[in-house]
Structures are given as structure tokens and as C-alpha cells.
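> Just dropping this structure here.
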């Protein structure tokens, strides 16, 4: 795909995402891993920090800031689904099943794994490191 | 002249046939009986200006007289002709519509283009027969180098983004000719507004922008500019400032609904600024010059806005009056000449000619 086109550039960044935000090493317990099954999510209001959504996508844990960069909506209250990849004319190519979240206020799409907005070159939501420590899903901030 | 030494391209001049220059000799004899028997009928829009459409002080039936009265008078370097044939797609009978399209093209080539090198012709086709329309586009484009665009009406049986029209756009892209969408027959197939039929010409004419918006949304969303990356579209006489609204609204919706048209690889506004032009006439006249300048900024006028007069129609805009003095000179030149020159592949005149005229 050529990055000359805006949407191609957006999806290129899905493939090579930025590093997650991890500054202090502060660890926040989310819940026992047994309570966050594939397809589930938890929203964690970090004391003195941001609200963060933690997702289990196919057995892997991912976390994004619960704030839409557009108008500040609680992004992680949106629906999770697939999307269609940039395609040739009048073709539908489903992709990214279970990892695309649609903001509850305006419906703008974000990839939960990379945090990339799927509609322009630069929009993104912060992502965070998630680990399982002693059977507990844990955010590392 | 407010425009000083800036050359001018008028994107909208409306020649008519006349007893001196009739259309009939350009229609193959095989269709004369059909036309005599009423088979050239179309439903018409049903809205006519109660005060007439042609200016009382002007006429556009004689190419040499129009060159003197209009091109010379306003120092117009090129004038794009848009004949009544731009509406042949609304002819009830498909074959007669095809014959009329060819006739209008040959009529321009026979009478108007040879009369003055400043005239540029518009290719009329019957969009209701896309295969024939593509053939006629190629024929007419090859018949004269100054046939410079495809001319289609605002009304159509399907929105212009529909893929049934793609063969016509493919022919345009091959020939390197833009599409010009001009009002025509809105209200002949369905209501000219999505809500219901207007009750006056005033309502009908003001609402023509609605059709343009619908057609542009369709052309962008269906991927016409993705499929034909060199294709350009000029929206003539359909309004100006709504373009900013449409770009912003379409972008915002696209951010949520992109996955329903995944073949769009750019933001709608990006396709529009690169592929779409609008003409000035009838120029919207905001309350202040500051608002006017804001409007130009919001629509990227330095790329998108082209000058037009609509000569000799009732809502004519003179080049000397249409742009406020506060419009910067370089932007004025983009609007009056450069944008259309780039669209049609035209050269600027040498200044000696302008000085001599």
C-alpha cells in the first residue's frame, strides 16, 4: 500500500504501531485473568490518572485510554467489531475482527491494538502495557 | 476593468440555435420524421422564469456578435459554450436523444468553434444510454481539439456516482476531458427537492444546489475519483459556499462510516479539492467582504473556484463586478483564469495581445 493516500497511511500505522505509554512503572491490578475472557473488557479509573479500557482480544490483552481524541467521549463504552480494509473499487474485505472500537458519540473507528484512528493520518488514542502477574491482569503505567 | 490585466476564462456561455443557425441540418435525416412527430419530447422541468431567462440587453445566437458583445467587451480570453444540448439525456426516446446529442456537437463544431478561437465547445451525450454516450464522447473529442468537456445536466435517472455511467467517465479520462455538471431539467423525473415540488421558479432555482450536493456526494462515495484518478469535475451554476459544508459533513461522516465504502482511500474533502471545481456564477454575495474572503478560504478557492458569467442569462455576473476589491490579486487570477486554464489545459495569452485589444 502506498502512503500517498490518507487511509492507506492510517492502516499502515496499524501494522507498525507506536510504543505503548509506560513512564513510571506503576502497576494497577485490573481483575483476575479468569474474569476477563476473550471479547471482554474492563474500564479502570486509575487513581490520579486516566480512565483506561482493558480488552481481551482473542486471548491477548490490550489497553487504550478511555478518552476519544475528537471530543473527549468515553471511547471504551463504544461497540467492538471488525472493519473493512482499504480495498479496490466496490470490494469488501473484512479485517481486524474484534479489535476495532467505534466511539459512542460520533462513531469514529479506532484500532484497540495500535490505538490508531482508522480515518486519517494522525489521530490515535494512547495505548498501555498490560501484563498478567500471578493470574491478575495488570496495567503497567 | 477591476480585473486589470488578468486574463479571463468564462466557463459558462449559453449559445442557442436560431433560424440563421438551426440544429435540424445536423440531425441525420433518418430522425427527421421522428422529431416531426414529437419524439424529441422531454418532460421539461415545469419551472420557467416568469420574467424570461435571456437578458433583455443581450442575445447569444450569432457567434461573431457574441464575440463582440461579450468576449471583446470583457476581455475574455476563452469562453466555454454550454448549448441547450446539455439536457438531451432527458429526452424520452433514447435513440432520438442520441441523435440530438450528436447534432448539438456538430452544430458547435460547424458554427461556433470556427467563428472565433476563443470559443471552447462542450460535448453533449445521452447519459441514459451510457455505451452510446461513451462512443459519442470519443467521436466528438476527436472531431475538434476545442471540444473541451463533457456537459451533463443536474437531473439524471440515477445519481451520477452509479457505475452504469462509468463507461462515459472512462472515455472522459482517456480523452483527458473534465465533466461539467450544469443545471438542467431538475424536476423532470422526480421532484427537484427531496421533500416535494417547489411552487415557484424562485424556489426551484434557489434549490438547484440540492441537486449538485446530491450528485457530488454520490460521485465521491461511489469511488469515481478512485477509479478514474485523473478525472476532473466542474460544477457549474450550482452554488459555491455549500462546498465547505459538504466537505466538512462528508469527512465527519466518513470517519464513522468509512468501512461502508472501503474503496475510498482518502478523505472525501481530499478527493473534492483535487478533483472538483465550482463556478462563481451566480456568485453568493455575503454581507461583508470579510465574509466573502472567509468563504473563499473555506472552499480552497485558490484551487476550486472558476469564473463564469452565464451569458446571456438573467442572472449574469460581470467579471469586473463579481469579486470584491479586497480579494488579493494572485487569488483573483486563480479564480478568473488559472484554475480553469489548468482544468482545460489552456495557455495564458501573451500580454501583447491583451494590450492590443
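Taken together, the values in this text are just the output of simple stated rules run on the coordinates, not laboratory data. Just so it is clear, the structure is predicted and the values come from calculations on it, not from any experiment. Glycine gets a Cβ as well: all are built from the backbone with ideal geometry, and neighbour counts include every protein chain shown.
> Taking chain B as a Gaussian network, where each spring joins two C-alpha atoms under 10 Å apart, which residue of B:133, B:290, B:214 fluctuates the most?
B:290
> Additional query: Mind sorting B:248, B:242, A:108 by how few other Cβ atoms lie within 10 Å of their own Cβ, fewest first?
Placing the least packed residue first, the sequence is B:248, B:242, A:108.
> Follow-up. From the helices alone, meaning DSSP H stretches of at least four residues, give me the mean residue ellipticity at 222 nm for chain A, per-run term -39500 (n - 2.57), in deg cm²/dmol to the nearest 500.
One gets -2000 deg cm²/dmol as the mean residue ellipticity at 222 nm.
> Rounded to two decimals, what ratio of Rg to Rh does the range A:6-140 give with C-alpha atoms and a Kirkwood Rh?
Ratio of gyration radius to Kirkwood radius: 0.97.
> Angle, helix A:6-15 long axis vs. longest principal axis of chain A, Cα atoms, 0 to 90°, nearest 10?
Roughly 40 degrees, rounded to the nearest 10.
> Let me ask something else. Taking only DSSP H segments of four or more residues, each worth -39500 (n - 2.57), what value at 222 nm results for chain B once the sum is divided by all its residues, to the nearest 500 deg cm²/dmol?
Counting only the DSSP helices, I get -9500 deg cm²/dmol.
> Sticking with this one: Provide a whole-number value for the mean count of partner chain Cβ atoms within 10 Å of the Cβ atoms in peptide B:248-255. Don't jump to the answer; show the numbers that get you there.
Numbers: counts 0, 0, 0, 2, 5, 2, 4, 11.
The per-residue average across the peptide is 3.
> Continuing with this model, one more query. Please identify, among A:66, A:56, A:122, the residue showing maximal mean-square fluctuation in a Gaussian network model of chain A using a 10 angstrom Cα cutoff.
Between A:66, A:56, A:122, it is A:122 that shows the largest mean-square fluctuation.
> Give the relative contact order (percent, whole number) for chain B; include only Cα pairs under 8 Å separated by 6+ residues.
21
> Could I ask something else about it? With the convex hull built on the Cα atoms of the protein assembly as shown, state its orientation-averaged projected area in nm². Before the final figure, lay out the partial values.
Details: hull surface 111.5 nm².
That works out to 27.9 nm².
> What whole number of Å gives the distance from the Cα centroid of the range A:120-141 to the Cα centroid of the range B:245-265?
A separation of 29 Å, based on Cα centres.
> Something else about it: What does the structure give for A:83-90 when I average, per residue, the other chain Cβ atoms found within 10 Å of the residue Cβ? Please report the intermediate quantities before stating the final value.
On the way: counts 4, 6, 2, 7, 7, 6, 11, 8.
The shielding value for this peptide is 6.
> Give me the percent of DSSP beta bridges within the protein assembly as shown that run antiparallel, rounded to the nearest 5.
60
> Below 8 Å, C-alpha to C-alpha, sequence gap of six or more: please give me the relative contact order for the range B:80-198 in percent.
Rounded, it is 26 percent for the range B:80-198.
> Express as a percent, rounded to the nearest 5, the fraction of DSSP beta bridges in the range B:8-356 (both residues included) that run antiparallel.
10
> In the Gaussian network model of chain A, springs joining C-alpha atoms below 10 Å, which of A:23, A:99, A:12 carries the largest mean-square fluctuation?
Maximum among the listed residues: A:23.
> Restricting the count to DSSP beta bridges whose residues both fall in the range A:6-140, what percent are antiparallel, rounded to a multiple of 5?
Roughly 95 percent of the beta bridges in the range A:6-140 run antiparallel, per DSSP.
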